[in-house]
Amino acid sequence: MSEAETVENYVAGAWVRPSALGTLDVPDPSTGVVIARVPRSDARAVDTAVRAARAAFLTWRDVPVAERARKVLALRNLLEAHAEELARTVVRENGKTIDEARGSVRRGIEATEFAASAPTTMQGAFLEDVSPGVDTTLVRQPLGVVVGITPFNFPVMIPLWMVPLALVCGNAVVLKPSERVPLSAVRLARWIDEAGFPAGTFNLVHGDAPAVDALLAHPGVDAVSFVGSAPTARHIYTTAAAHGKRVQALAGAKNHLIVMPDADLERSVPAIVSSAFGQSGERCLAASVIVAVEPGADRLVERLAKAVKALTTGPADDPATHVGPVIRPDHRDRVLAWIRDGEAGGARVVARGRVPEGSDGYYVPPVLFDGVRPEMAIAQEEVFGPVLSVVRVASLAEGIEVANRSRFGNAAAIFTRDGRAAREFTHRIEAGMIGVNIGVPAPAAYFPFVGWKGSFYGDLHATGRDAIDFYTRKKVITSRWF
Ligand code: NAD
């Protein structure tokens, strides 16, 4: 694809220019230069893709699972061979650094490897003699057409949480990637094609809200996997459910990290700073609020401030960069407004980084706030930028209470040397993904990605055995032979 070319949809095994409501520019967030255009697929384009998927499903579901898994392994090998190219695409369209991009591609490959274990994970159950001479068998069968709708912050990893697992379970897939990062999805589609999945089993539809809404209402769609912001997740969950579809919607976050007075600051501070400022804070597992348990908050804040001041903000492809740009100018302006809001509310800026001068990229200076009160908006709302707030509390119990007041419950962590404090925290905290001396407690793909409260809408989570359950339906056969 040449520079600033309009990307195409991939439908029924062919690259097509869809009918669309115009196009959107895709700028490189590090420079502001437009690197591609993305079509806003309309309802007709969505209908074509769903029909292609439906047709492919009818034969794909009967392909033996071991053969489907072999195609997933072929895809895994292509991803491995092209991992560096994928990572560089992520750097360019998302603005995260190369190390962060490589890590995310690795996580996507890990999810693909887990998918290849479907001949084991898809197994059902059998019980002999539920009554004399009567046996019961439980089998898992595919759902039909599964739609994946993904966010901008993990252009490779999150599509790979969904696509290989849904395919290996015997479904056909329509992926609608974020319109802000379409290029990684184009590369994924190429290798899915090369791995030998039959035409129509995987389809790529570009676009934004109109394409999503057409997918949610389409009678040919059976299930929707969504990852994105909280307001969109609520819309997806209610609309997809109203149209009778199975749905899982992973949403926003506000992650609290409790730091006990006995924490090993030498090792904890780098982990905290990396969690809060890595990927410019655009991670659903990013630390957003540090709950500093007294005595010891002064010592912690002093070290955090020093580390934040040492961060270099700059273009994602510069090896000296720690903090890249955020995704778009409107998002930069929102994060800057949150910083002003924190200052106006009486929080104290104890460290503020610098942004590159004279750049058209979308940079936000890393900011560390002290003296944040739990009721302030900056302590409650998802900022999704390089901003970290410190709330001081008198005890672990008070810290847990502060964290549990959040309407989100994606991740939480404790930094301590005390096993009893860690046990109390992991037991009482109301969040799904918990770290003990870990800043980004992301579960490996063979475990589920378990947001709680306002961070998740649905029953079965993404990845792990939950994903196998989500992408299959159970059939229970009771039989006797005369
Ligand atoms: P977003 O909600 O803006 O977009 C996500 C997807 O929804 C995109 O494909 C987009 O085209 C579509 N979309 C957006 N608005 C829509 C609308 N009004 N109607 C229909 N579809 C719409 O999210 P984003 O900004 O791309 O991603 C960042 C958000 O995702 C953050 O809130 C982050 O916490 C969250 N996230 C959550 C997890 C998790 O596991 N819980 C993981 C990654 C990101």
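For the reader, a short list of remarks on this structure follows.
- Couplings 3J(HN,Hα) for segment 471-482, derived from phi with the Karplus relation 6.51 cos²θ - 1.76 cosθ + 1.60 (θ = phi - 60°), are 8, 9, 10, 8, 10, 10, 10, 9, 9, 9, 10, 6 Hz, where x marks Gly and Pro.
- Exposure proxy order (Cβ contacts within 10 Å, fewest to most) of Ile109, Ile258: Ile109, Ile258
- Val390, Val105 arranged by Cβ crowding within 10 Å, fewest neighbours leading: Val390, Val105
- Rounded if a/c under 1.5, otherwise prolate or oblate - segment 255-436, Cα gyration tensor axes: prolate
- In terms of its C-alpha gyration tensor, the chain comes out oblate, because a/c is 1.5 or above while a/b does not outweigh b/c.
- Contact order normalised by residue count of segment 255-436, Cα under 8 Å, 6+ apart, percent: 29 percent
- The chain - percent relative contact order, Cα under 8 Å, separation 6 or more: 18 percent
- Cα centroid of segment 122-157 to Cα centroid of segment 15-81, whole Å: 24 Å
- Vicinal HN-Hα couplings computed from phi for segment 303-311 (Karplus, 6.51 cos²θ - 1.76 cosθ + 1.60; Hz; Gly/Pro x): 5, 4, 4, 4, 5, 5, 5, 7, 6
- Its DSSP H runs of at least 4 residues, each contributing -39,500 (n - 2.57), put the calculated 222 nm mean residue ellipticity of the chain at -12000 deg cm²/dmol, to the nearest 500.
- Of the chymotrypsin sites (Phe, Trp or Tyr not before Pro) found in segment 329-367, not one falls in a DSSP loop while having at most 11 other beta-carbon atoms within 10 Å.
- Counting other Cβ atoms within 10 Å as a rough exposure proxy, the listed residues Ser19, Ser389, Ser395 run Ser395, Ser19, Ser389 from fewest neighbours to most.
- Arg340/Thr120 FRET efficiency (R0 56 Å; Cβ-Cβ; nearest 0.05): 0.60
- Whole-angstrom gap from segment 323-345 to segment 255-314, using each part's C-alpha centre: 19 Å
- Segment 299-347 shape via C-alpha gyration tensor axes, a/c threshold 1.5: oblate
- Cross-link reach list, lysines versus Lys474, counting only Cα pairs under 20 Å and skipping chain neighbours closer than eight places: Lys245
- Stretch in the chain that is longest and holds no trypsin sites (Lys or Arg not before Pro) that DSSP places in a loop and that have at most 13 other beta carbons within 10 Å: 1-353
Every read-out reported here was derived from the displayed coordinates using simple, explicitly stated rules and does not represent laboratory data. Values in this document were obtained by computation on a predicted structure and should not be read as measured data. No Cβ is skipped: glycine too gets one built from the backbone with ideal geometry, and neighbour counts run over all protein chains shown.
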